[in-house]
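First up is the structure itself, then whatever we jot down about it.
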């Protein structure tokens with residue numbers, strides 16, 4: 001391990017933390033320049049951040065995935081750990097100015113990849129790394145005393161574990177399964193049973209079938225220019241000869257790494273590493289990171305993950321992939337709920353039961369973790385550079401979202417409400433919120449120019465957000481409604497305004513309709529045009545019934561005189577279709593009808609053609625000797641005749 005180095009700015013800055021009043025003044029060291037003077041709060045009524053310390057010449061830059069707070073020695077003195085690489089795109093420009101001065105002391109790849117440990121206001125340790133770091137995490141592997149956490153560094157296909165800043169263990173991704181046809185092609189090439197040009201064609205056929213080829217096969221295909229010349233054949237044969245004695249292997253690459261709590265949801269509880277790989281896999285390691293416990297395959301390559309819950313109880317792994325979708329792994333199964341975004345995601349965090357996703361369309365979308373239903377969206381003025389969760393610890397518990405924008409703004413959101421906004425001296429490259437030293441609520445910021453800054457959350461900070469009472473502002477904005485909908489709304493409004501008048505008019509028209517209907521009904525009855533009609537002043541009552549299934553019927557007539565005088569010589573006439581029916585007495589004269597005594601008569605009817613299946617009604621008229629209008633008119637519906 002190289003000797004510990006100290007930042008050049010720490011000597012000129014003896015104070016580690018500035019008080020709350022110094023946060024509004026230039027209380028920084030000369031090395032930090034005017035960063036404090038350019039950090040201004042737009043909402044002075046609700047100050048959240050206390051500027052603690054910054055170093056403009058730290059020459060360090062790392063994304064959020066490579067920044068972690070870690071209690072390295074188990075002494076409750078948390079340090080800031082950063083795995084930085086000069087190949088990081090933002091760091092290339094930041095290190096351009098200092099590379100010329102440090103060129104005589106450069107040491108090749110060891111100067112490109114470093115693990116830097118900060119304590120207080122200075123650099124404590126600097127450890128060279130062999131490969132470019134992808135992610136950096138700190139977690140505990142057991143509950144043995146003394147409680148010393150592990151520092152996990154994901155690089156390439158390996159995870160390097162450090163304990164007390166000393167190498168502890170190295171985990172390597174398991175080898176990928178190679179296609180049998182591809183393996184057979186390389187075995188034939190090794191034994192000179194297959195021509196190199198023919199091998200190129202066979203590998204191209206496998207590639208056209210969307211089969212995943214190894215890195216060796218892809219490099220072999222890149223040498224083919226399609227000419228088939230002697231020079232090309234020699235290059236292909238030389239490629240095969242150089243790798244003839246090496247077995248064909250393929251190992252994936254780690255793309256992201258997170259820590260999933262095992263049995264307790266506490267800061268110092270045992271955790272398990274979760275790895276996302278280039279071959280669309282999500283691996284859950286055991287607590288010692290020595291073997292794979294669970295393996296999941298998602299439709300695309302994971303780029304970022306977020307954890308919630310506990311592995312032994314109930315857990316969720318939120319995975320953001322390169323195809324623009326977000327998948328959920330819940331209790332050893334990939335959920336069918338897929339969040340499809342309109343643009344590529346840039347960052348992913350979880351707060352309680354919500355998922356917050358930043359996209360390249362300058363928008364933050366909030367979804368429910370269980371149902372995947374969209375809750376709200378936050379539209380930003382420029383691109384999102386980083387997102388972090390402000391998890392307030394201590395006497396107050398609050399969770400907010402910190403967003404760093406490309407226009408040097410650092411915003412704090414409580415839900416979808418903007419709680420605080422400050423300006424930073426430069427564009428933020430990465431940030432991490434946690435415990436630094438003995439301060440539980442610390443925000444570490446790295447900038448594109450290589451500067452490093454620390455901020456504390458004020459004890460009096462208001463993180464609850466402003467509660468809005470009354471209807472929202474959008475309610476006063478008129479909607480662009482279709483014509484039919486607008487007409488319906490106007491009609492409904494008119495009915496509400498004139499409800500009493502419209503009800504009175506409706507009742508009046510309803511009474512008129514009932515009166516008109518009653519008059520028409522009485523007229524039909526008095527004119528003898530109804531099915532059972534009575535003339536005005538008539539005192540006779542007639543009841544007619546049909547008996548029989550055909551072709552012979554009996555019509556039973558019941559007549560009663562309800563008047564005060566007896567009636568004599570009342571004729572009864574039958575009107576019917578003579579081609580269809582036969583009635584022996586179509587005209588009959590009633591005897592004297594004594595009042596209040598019912599008289600019953602029977603009329604025989606015969607159906608002439610029952611096989612035709614026809615029937616027609618028979619009209620019965622009770623006439624008056626002195627008037628042409630029938631006293632009673634009855635219509636008898638005859639049934640269909642049954643065959644004998």
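What do you reckon, is residue 357 under 21 Å from the mean Cα position of the chain (by Cα), surrounded by fewer than 21 Cβ atoms within 10 Å (Cβ to Cβ) and part of a strand (DSSP E or B)?
No: the conditions fail for residue 357.
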**Report entry** Any hit, region 492-515, residues being in a loop (DSSP other than H, G, I, E, B), over 30 Å from residue 422 (Cβ atoms) and modelled with pLDDT under 85
**Finding:** no
Query raised in the report: Does region 378-395 hold any residues that are on the phi < 0 side of the Ramachandran plot and exposed (fewer than 13 other Cβ atoms within 10 Å of the Cβ), and which are they?
Result: 379, 381, 382, 395
Report task. Could you list all residues from region 388-426 that are free of Cβ contacts under 8 Å to residues at least 24 places away in the same chain, farther than 20 Å from residue 440 by Cα and not in a strand (DSSP E or B)? Result -> 408
**Report entry** Qualifying residue in region 580-588 (condition: within 16 Å of residue 543 (Cα to Cα) and out of contact with any helix residue (DSSP H, G or I) (no Cβ under 7 Å at 6 or more places or on another chain))
**Finding:** no
Report task. Read through the list (1) exposed (fewer than 13 other Cβ atoms within 10 Å of the Cβ); (2) touching a residue at least 40 places away in the same chain (Cβ under 8 Å), then give the number of the only condition that residue 621 fails. Result -> (1)
Query raised in the report: Here are 223, 211: which of them is surrounded by 12 or more Cβ atoms within 10 Å (Cβ to Cβ) and within 19 Å of residue 176 (Cα to Cα)?
Result: 211
Query raised in the report: From 242, 175, 191, 234, which residue is surrounded by fewer than 15 Cβ atoms within 10 Å (Cβ to Cβ) and touching a residue at least 40 places away in the same chain (Cβ under 8 Å)?
Result: 175
Report summary line: By residue number, the members of region 398-431 that are touching a helix residue (DSSP H, G or I) at 6+ places or on another chain (Cβ under 7 Å) and over 27 Å from residue 353 (Cα atoms) are 423, 425, 429
Query raised in the report: Residues of region 356-387 being more than 25 Å from residue 444 (Cα to Cα) and in contact (Cβ under 8 Å) with a residue 60 or more places away in the chain, which ones?
Result: 369
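From the list 374, 330, which residue is under 25 Å from residue 417 (Cα atoms) and modelled with pLDDT under 95? Don't jump to the end; show me each part of the working.
Working: 330 fails: under 25 Å from residue 417 (Cα atoms).
When all the criteria are applied, what remains is 374.
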Query raised in the report: Which residues, taken from region 456-466, are touching a strand residue (DSSP E or B) at 6+ places or on another chain (Cβ under 9 Å) and either farther than 15 Å from residue 391 by Cα or at pLDDT below 65 (or both)?
Result: 465, 466
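The values are calculated or read from the model by the stated rules, or taken from the named source; none is laboratory data. Please read these numbers as outputs of a predicted model, since none were measured by experiment. Heads up, the Cβs are rebuilt from the backbone with ideal geometry, glycines too, and the neighbour counts pull from every protein chain shown.
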